[in-house]
Amino acid sequence: MKEGRGSFSVERGPRKEREAQSRMWKGNSPAGSQGTAMEGTGGELGGQGNWGPEDAPGLLARASLTMLPWPLPLASSALTLLFGALTSLFLWYCYRLGSQDIQALGAGSRARGVRGGPVGCSEAGGPSRRGPGDPGEGPRTEGLVSRRLRAYARRYSWAGMGRVRRAAQGGPGPGRGPGVLGIQRPGLLFLPDLPSAPFVPRDAQRHDVELLESSFPAILRDFGAVSWDFSGTTPLPRGWSPPLAPGCYQLLLYQAGRCQPSNCRRCPGAYRALRGLRSFMSANTFGNAGFSVLLPGARLEGRCGPTNARVRCHLGLKIPPGCELVVGGEPQCWAEGHCLLVDDSFLHTVAHNGSPEDGPRVVFIVDLWHPNVAGAERQALDFVFAPDP
């Protein structure tokens, strides 16, 4: 084998070549040879030919520098490009998300089906032009509710939205089938798995019930200040809604989730009581509050409210003989100064069978959240059914 500086000859066969290479890596190259050099950033490695265990850390540190996959400037440029690409993708996603939210909200503000329509005479706020079995406006309304709910979930979260999501998707419910003995048929939104009963116990909304009953004298004084003869022969006083059914009049402080400032100023006691309620649906198109007057001989035949997510609270102000309320086939009667909690998604009938001398029946009606609707569900429904600005 011919020896040279850092070079080998393979003329004498593979076996001798392997032996020469083995001697080189062990540091035992022939005399006069400088061995093979391994180039690194710290200079030559192994030129002296004598290595010991104490040299291992330094050798490993220097050898690792030759194993870098990319030069440092190139790696930095690649990371910069990757970061820029991810930033651009994130900004594009935010733009797309915002555009979809605006489209969904714009469609919601234009649709009349979600807004609950004009307030009829179904006891202060229920839709009066819809039959008891009409389930709203069908797939168009359900699709709009689903779009607005998806917009809410993208902005906040789907957490706790199981029942609301099923309701928005138009799952099975009383509005699409026989319901609870065929007598619970909410016109627009059925929230599944809520306890269903025509009349709700007072304890379910104890705070609000006690607050309204303690405000009975002030609310009655407010009614006296805005009352009139209800004869129908004089022009309708300011603030009173036109009768959509014979003998039924309303003065609303909140209509479809919107405050009526002029009426609230005329009824300070009632407005103060509303502001103190914990579960009043004040930011939702399902929410109404105001005075409901039923003249003798008037009768509101079977009708259903728009949703089972609310409970309607009736505070009796003037209750003459012969008045009755039948909800889900169960008769009840009001009492002056006391509250009655009604689930108006059940088929209900209101009648005043008294004589003209008895005077009108007057109740103050407030829409409250159903006690079993969770806070996250209330927030989502307030977003989906928010009143028009």
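The values are calculated or read from the model by the stated rules, or taken from the named source; none is laboratory data. Source: prediction; values computed, not measured. A quick note on method: Cβ atoms are made from the backbone with ideal geometry, for glycine too, and the neighbour counts reach across all protein chains shown. Each accessible area value is taken on the protein alone, full model and side chains, heavy atoms only, with ligands, DNA and RNA left out. Shrake-Rupley method; radii C 1.70, N 1.55, O 1.52, S 1.80 Å.
Some points to look at:
- At full extension, HIS207 and ALA245 could sit 10.3 nm farther apart than now, given 0.36 nm per residue minus the alpha carbon distance.
- Student exercise, the range 245-389 dipole from Lys, Arg, Asp, Glu Cβ charges, in Debye to nearest 20: 540 debye
- Taking amide hydrogens as placed 1.01 Å from N in the peptide plane, the amide H of ALA309 sits under 5 Å from those of LEU191, each at least 5 positions away in sequence or on another chain.
- Spin-label pair ASP193/SER214, simplified geometry with 7 Å Cα→Cβ offset, distance in nm: 3.6 nm
- In order through the range 348-360: 3J(HN,Hα) via Karplus (6.51 cos²θ - 1.76 cosθ + 1.60), integer Hz, x for Gly, Pro: 9, 10, 10, 8, 10, 9, x, 8, x, 5, 6, x, x
- Under Karplus coefficients 6.51, -1.76 and 1.60, residue-wise ³J(HN,Hα) of the range 329-345 in Hz, glycine/proline x: x, 9, x, 8, 9, 7, 9, 5, x, 10, 9, 10, 9, 10, 8, 7, 6
- Computing FRET efficiency as 1/(1 + (r/R0)^6) for ARG165 and ARG258, where r is the C-beta to C-beta distance and R0 is 30 Å, gives about 0.65.
- Remark: spin-label model distance SER157-ARG265 equals 4.3 nm, labels positioned 7 Å along the Cα→Cβ axis.
- In this rough spin-label picture, where each label sits 7 Å from Cα along the Cβ direction, the VAL226-ASN353 distance is 3.1 nm.
- Close amide-amide hydrogen proximity is noted between ARG303 and HIS348, each under 5 Å apart and 5 or more residues distant or on a separate chain (H modeled in the peptide plane; Pro and chain starts excluded).
- These residues, PHE364, PHE383, go from largest to smallest accessible area, 1.4 Å probe, as PHE383, PHE364.
- Accessible carbon and sulfur surface of the range 247-313 relative to its total accessible area, %, 1.4 Å: 42 percent
- Per-residue SASA entry for CYS259, accessible area with 1.4 Å probe, Å² rounded to 10: 60 Å²
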